[in-house]
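See structure below.
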Amino acid sequence: MKKLILGVYDDEKTLIKAIKSIRGNEVKLRDVFSPYPVHGLDDAMGLKPSRLPIVAFIAGTIGAASALYFQYWTLVVDWALNIGGKPGFALPSFIIITFETMILSAALTMVGAFFVRSKLFPTFNTDVIHPRATNDQFIIAIDPQKNSVEGDKIKTMLKDNGASDVQDKEVAK
Amino acid sequence: MSEYVSSVRQPLVKDVGSLGEVTEAIANPLNRKPNIYWYAFFIPAVIALIGGIAATSYQIKTGIGTWGNNNSVGWGFAIVNFVFWVGIGHAGTFISAVLLLFRQKWRNSINRAAETMTIFAVICAGLFPVIHLGRIWFAYWLIPYPTGRHLWVNFNSPLLWDVFAIGTYFTVSLVFWYLGMVPDFGTLRDHTKTFIKKKIYALLSMGWSGSAKHWSRHEAISMVLAGLATPLVLSVHSVVSADFATANVPGWHTTIFPPYFVAGAIFSGFAMVLTLMIIVRKIYNFEKYITLYHFEQMAKIIILTGSLVGLAYTTEFFMAWYSQNPLEQSAFLNRVSGPYAWAYWIMVTCNVITPQLFWFKKIRTSIPLIFILSIFVNIGMWFERFVIVMTLHRAQNPDGFGMYTPTGIEFTEFIGSFGLFLTLFLLFIRFGPYIAISEVKDLTAKKLNEEKGV
């Protein structure tokens, strides 16, 4: 079990200001929870841009190359199909399946990587951080053990920056 | 980076007081018994679906002879319905992907319903070629796998391209749809009180917490998925058009087919989105989130794509004349004055003439008129595919001439596909997040901040 301090905010502008001010005071945030993607939150929290698009690029390249090679291998190497004496390696008519396979592998791999990387798996019992985090409130979660600043000080800091409520919350990990 | 808000543009949500109100408005109807309108659509839909299942079962057991297809017209209702439904399926991904890339925020409150429509329309579309196989228990022969026959599928065939294009389109649309719903399932999970519903929403939400890191990744991959889906949308109907265009049939063998089909697909898809959104708005009283402005925007896209389709029809005739190809000319003369000319003129009326009425602001802001005109487009676009397929009734030699009359089985299957589509759609709006809750909250928050002047 781990004890976290939650600061509850009612709107995004106060949230962003609070995050900037708290981080300015050398307090490390554990996470921030919001009901919709807040514009400018990544910058305020200092999050690096996601590298998942690179996954899509690599998977797409591999998908396209294997689809093209597979068509070549089946219709030229394994069983050369003579269609009206036309060349077996008919590149133009292989393009569509190459393209579709590229999109399919890029999309599926990227979304799969997203779920794995974010540790999102099917579960019946979700550890909900705050009942209104997916509804209409914004939550800053701070792990007091990971910070040199005392817990009580963190709480006042959250309050001073406009938190409508400050709570303790126990989470599994 | 703050976004520029034009004072000319109308607000995208109306009179919404708080973010919590959005959750309540969208999630509460899912916990209530549906109203009379829902049943008024659901019961006929299920009846049509049962009829369709019965007809299809009989047809699979007996054979393709139960259809009106013959040696001259080898493709009948099955391909017409297939192209019709795939076309409808285009607006969903167009709205969710292309409009996302162009940052058209008005898509936020209609994209989920449009994507849902795509998924179910593609399911309906996929059924027709499969039942047309005749021996559908061999449908897996379409997949390239190593067999005892040693022969592979023919990758040069547009029909096989279709398998890949439709398969990819369905899968990617499904993933895009689900990915967008994960946060909304999270909201529903935390909002629903019933135990079983809560567990099901929890399972579907994959433990979504609303963490900033997750949102950041979610946004990044949504953008990339939109980028991947955009060329995909354009490619799918191009491939469908290649089924026709690569055949050496006068009236089909033209290079205009891919753009012409794509424009037609978006045209018919938007018409179907309009029809369905008007129904959804009626069932749930969503005037706050689906405003007249949304309908106006879609009506404008209908004008554009309808005009593109009209231009394509004209170009075909111009090319028939300009090419001086007698076969091509006879095919098109036959279209306007042959035995199926009635279908051609229904098509022109519904696709080229009536959508132009949307130029009048009075008409494109009147819900009943939009509803009627959108149904006209649906009818017109079905007839467009019918007209194209019926080119076959006058082949190049008189010995191949022959007429096509659909049978009762084909009609029942066609109506059954509407039954399937509506049943799935109505069940979804009964249990699923039919409006993208988090995206509407984004709009609402901007609106509220604007009002507060921060």
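The values are calculated or read from the model by the stated rules, or taken from the named source; none is laboratory data. This structure is a prediction, so every number in the text was calculated from the model and none was measured. Cβ coordinates were reconstructed from backbone atoms using ideal geometry, including for glycine residues, and neighbour counts include every protein chain displayed. Protein only, heavy atoms only, side chains kept; ligands, DNA and RNA dropped before computing areas. Shrake-Rupley method; radii C 1.70, N 1.55, O 1.52, S 1.80 Å.
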- Query: Longest exposed-loop-site-free stretch of chain B, with GluC sites (Glu not before Pro), DSSP loop and at most 15 other Cβ within 10 Å?
  - Reply: B:4-286
- Using 1/(1 + (r/R0)^6) with R0 = 35 angstrom and r between the beta carbons of B:Gln324 and B:Asn154, what's the FRET efficiency to the nearest 0.05? 0.55
- Take the alpha carbon atoms of segment B:313-425, find their radius of gyration, then divide it by 2.2 N^0.38 Å using N residues; give the quotient. 1.31
- Please state the equivalent ellipsoid semi-axes for segment B:62-202: what are the square roots of 5 times the Cα gyration tensor eigenvalues, largest first, in whole Å? 36, 19, 17
- Query: Where Rh is the Kirkwood radius over the Cα pairs of segment B:375-431, the temperature 37 °C and the viscosity 0.692 mPa s, what D in µm²/s does Stokes-Einstein return?
  - Reply: 234 µm²/s
- Item | Helix-only [θ]222 nm of chain B, DSSP H runs n ≥ 4, -39500 (n - 2.57) each, per residue, nearest 500 | -23000 deg cm²/dmol
- Task: Among A:Asn147, A:Asn125, A:Asn161, determine the one that fluctuates most according to a GNM of chain A built with springs between C-alpha atoms less than 10 Å apart.
- Result: A:Asn125
- Query: What percentage of all Cα-Cα pairs in chain A are separated by more than 20 Å?
  - Reply: 65 percent
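Regarding chain B, what whole-number volume in Å³ per residue does the convex hull of its Cα atoms give?
Numbers: hull volume 79.6 nm³, N = 454.
Value for chain B: 175 Å³ per residue.
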- Peptide B:239-246: average number of partner chain Cβ atoms within 10 Å per residue? 1
- Rounded D (µm²/s) - the protein assembly as shown, Kirkwood Rh over Cα pairs, Stokes-Einstein at 37 °C, 0.692 mPa s: 123 µm²/s
- Using the Karplus curve 6.51 cos²θ - 1.76 cosθ + 1.60 with θ = phi - 60°, work out ³J(HN,Hα) for each residue of segment A:83-95 in order, rounded to whole Hz, and write x for Gly and Pro. 10, x, x, 7, x, x, 8, 8, 3, x, 7, 8, 5
- Message: One quarter of the convex hull surface, Cα atoms only: what value does that give for segment A:1-93 in nm²?
- Response: 11.8 nm²
- Note on the structure: Short to long, in 10 Å steps from zero, the percent of alpha-carbon pairs of segment A:52-118 per bin is 23, 38, 23, 13, 3, 0
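Which residues make up the longest stretch of chain B clear of chymotrypsin sites (Phe, Trp or Tyr not before Pro) that lie in a DSSP loop with no more than 16 other Cβ atoms within 10 Å, not counting the sites?
Working: sites that count: B:Tyr4, B:Phe102, B:Phe360, B:Phe401.
Here the longest run is B:103-359.
What average count of beta carbons from other chains do you get within 10 Å of the Cβ of residues in A:116-128? Kindly include the intermediate steps, with their values, before the conclusion.
On the way: counts 0, 3, 12, 4, 11, 2, 6, 6, 6, 3, 12, 2, 8.
Whole-number average of other-chain Cβ neighbours for A:116-128 is 6.
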- Query: Taking trypsin sites (Lys or Arg not before Pro) that fall in a DSSP loop and have at most 10 other Cβ atoms within 10 Å as cut points, what is the longest piece of chain B between them?
  - Reply: B:194-454
- Task: Could you check the simple spin-label distance between A:Ile54 and A:Val166, using points 7 Å along Cα→Cβ, in nm with one decimal?
- Result: 3.9 nm
- Among chymotrypsin sites (Phe, Trp or Tyr not before Pro) in segment A:1-101, those in a DSSP loop whose Cβ has at most 16 other Cβ atoms within 10 Å are A:Trp79, A:Phe89
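Per residue and in cubic angstrom, what volume does the convex hull of the Cα atoms of segment A:76-173 have?
On the way: hull volume 23.9 nm³, N = 98.
It is 244 Å³ per residue.
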- Across the residues of B:155-162, average count of Cβ atoms on other protein chains within 10 Å? 5
- At a probe radius of 1.4 Å, what is the per-residue accessible area of B:Ile256, in Å² to the nearest 10? 40 Å²
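Report, to the nearest whole %, how much of the accessible area of segment B:104-201 belongs to carbon and sulfur atoms, 1.4 Å probe, protein only. Let's see the in-between values first.
Details: 2870 of 3820 Å².
Ligands and nucleic acids excluded, carbon and sulfur give 75 percent.
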